[in-house]
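K.L.:
Sharing a structure, written as structure tokens. Questions coming.
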Amino acid sequence: MTISDGLKGHDEALSLDGDDIYVCQDGPHDAPVLLLIHGSASSTRSWDALVPLLTKSHRVIRIDLLGHGRSAKPADRSYATPEQGRRVGAALDRLGVEHAIVVGHSSGGAVATALAEQRPDLVTALALVNTGPSLAAFIASESAAIAPSQWPPTDRQLRQFASTAFSRAGYQIPPELLNEVRAMTYHTLTATMQGIREYLEQQALPDRLTPLGKPLLVIFGEDDRRWRSSSAADYRAVPGATVELLPGLGHSPILEDPLRTATLLLAFTARAN
């Protein structure tokens, strides 16, 4: 069984600024919207295990950011985080969405924050899953680096690159997600990561979120090997923020324990709606 089995939704490509942006919708069309934004080197598929747990009460929309998944991968576009946020907002406009609770995983949380900064009318609340609050929280891993000359990477390189996304050695990374990394270009991968670095260098996420006044949930796997889980406490500076640490989970609770993650998200959306 793959992580896509059992999902039935409406998939389409939206043409934005001349580029195709892939979106997937599941759940009742008239239900409150829950938007899911993946992290760097990932795609809509990273949410596959979580979506069935959310669709009873939500219209769940997922989007492949430019340069990722089934979306276009042009070499002459900006991959800056604010630009990615702008595109997400434009996609929701095209879908007729007026309000959404936005969930971002890893660097997708930075894109969610950028969207909320640009479109406070659109974003009613935010949930960030293992999103580092600042670059000071990042855990460097040179062993996972892939040089331009090594692109596209081998299966071994891919698994090494992706290994820090999970809490335990030997975790069987879904092959669909490895294929999504391979389908990227070296430029889209590195430009996206550079965009996140620049966004965090300019201002830490708690400082960006505080003036927005939006309900905020922060979920962090306690054994994250990409961002120090202790840094989740930085979000407590945001008035009213709820911070949840999940023991035994790493950087990807959405894959490692979808049920525990969904339970927290549903309780939060029930309060925020």
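The values are calculated or read from the model by the stated rules, or taken from the named source; none is laboratory data. Every value quoted in this text rests on a predicted model; they were computed, and no experiment measured them. All Cβ positions, even for glycine, are placed from backbone atoms using ideal geometry, and neighbour counts span all protein chains on display.
K.L.:
Working carefully through the options Ala110, Ala127, Ala116, find the one that is assigned to a strand (DSSP E or B), touching a residue at least 12 places away in the same chain (Cβ under 8 Å), within 17 Å of the chain's Cα centre (by Cα) and under 20 Å from Pro211 (Cα atoms).
P.N.:
Unique residue meeting the criteria: Ala127.
K.L.:
Any idea which of Phe161, Phe166 is touching an Asp or Glu at 6+ places or on another chain (Cβ under 7 Å), over 22 Å from Val60 (Cβ atoms) and of a type outside the set (D, E, K, R)?
P.N.:
When all the criteria are applied, what remains is Phe166.
K.L.:
Another question about this same structure. Can you run down the residue pairs with Cβ atoms below 8 Å, 6 or more apart or on separate chains, where the first is in segment 143-159 and in a helix (DSSP H, G or I) and the partner is at pLDDT 85 or above and aliphatic (A, V, I, L, M)?
P.N.:
Listed by first residue and then by second, the contacts come to Asp155/Leu178; Leu158/Leu178; Leu158/Val181; Arg159/Leu178.
K.L.:
Can you find even one residue in segment 99-107 that is touching a helix residue (DSSP H, G or I) at 6+ places or on another chain (Cβ under 9 Å), in a helix (DSSP H, G or I), β-branched (Val, Ile, Thr) and within 30 Å of Asp30 (Cβ to Cβ)?
P.N.:
no
K.L.:
Another question about this same structure. What are the residues in segment 51-93 that are among the hydrophobic types (A, V, I, L, M, F, W, C) and in contact with a strand residue (DSSP E or B) (Cβ under 8 Å, 6 or more places away or on another chain), if any?
P.N.:
Within segment 51-93, Val51, Leu54, Val60, Ile61, Ile63, Leu65, Leu66, Ala72, Val88, Ala90, Ala91, Leu92 qualify.
K.L.:
I'd like the residue in segment 61-82 that is of a type in the set (A, V, I, L, M) and either in a loop (DSSP other than H, G, I, E, B) or without any contact (Cβ under 8 Å) to a residue 40 or more places away in the chain (or both) and, out of all such residues, is farthest from Asp257 (Cα to Cα).
P.N.:
Ala75
K.L.:
Being modelled with pLDDT under 85 and in contact with a helix residue (DSSP H, G or I) (Cβ under 9 Å, 6 or more places away or on another chain) is the filter here; which residues of segment 120-146 pass it?
P.N.:
Listed by number, the residues that qualify are Ser141, Ser143, Ala144, Ala145, Ile146.
K.L.:
May I ask you to list the residues in segment 46-60 that are part of a strand (DSSP E or B) and either buried (at least 24 other Cβ atoms within 10 Å of the Cβ) or at pLDDT below 95 (or both)?
P.N.:
The answer is Val60, and nothing else.
K.L.:
Let me ask another. Of these, Glu176, Glu180, which one is at pLDDT below 95, in contact with a Ser or Thr (Cβ under 7 Å, 6 or more places away or on another chain), crowded, with 17+ Cβ neighbours inside 10 Å and farther than 14 Å from Thr131 by Cβ?
P.N.:
Matching residue, one of Glu176, Glu180: Glu180.
K.L.:
Return yes when Tyr22 is of a type in the set (Phe, Trp, Tyr) and farther than 30 Å from Pro211 by Cβ and no when it is not.
P.N.:
yes
K.L.:
Being within 29 Å of Leu158 (Cα to Cα), surrounded by 24 or more Cβ atoms within 10 Å (Cβ to Cβ) and either of a type in the set (D, E, K, R) or out of contact with any helix residue (DSSP H, G or I) (no Cβ under 6 Å at 6 or more places or on another chain) (or both) is the filter here; which residues of segment 24-44 pass it?
P.N.:
Leu35, Ser42, Thr44
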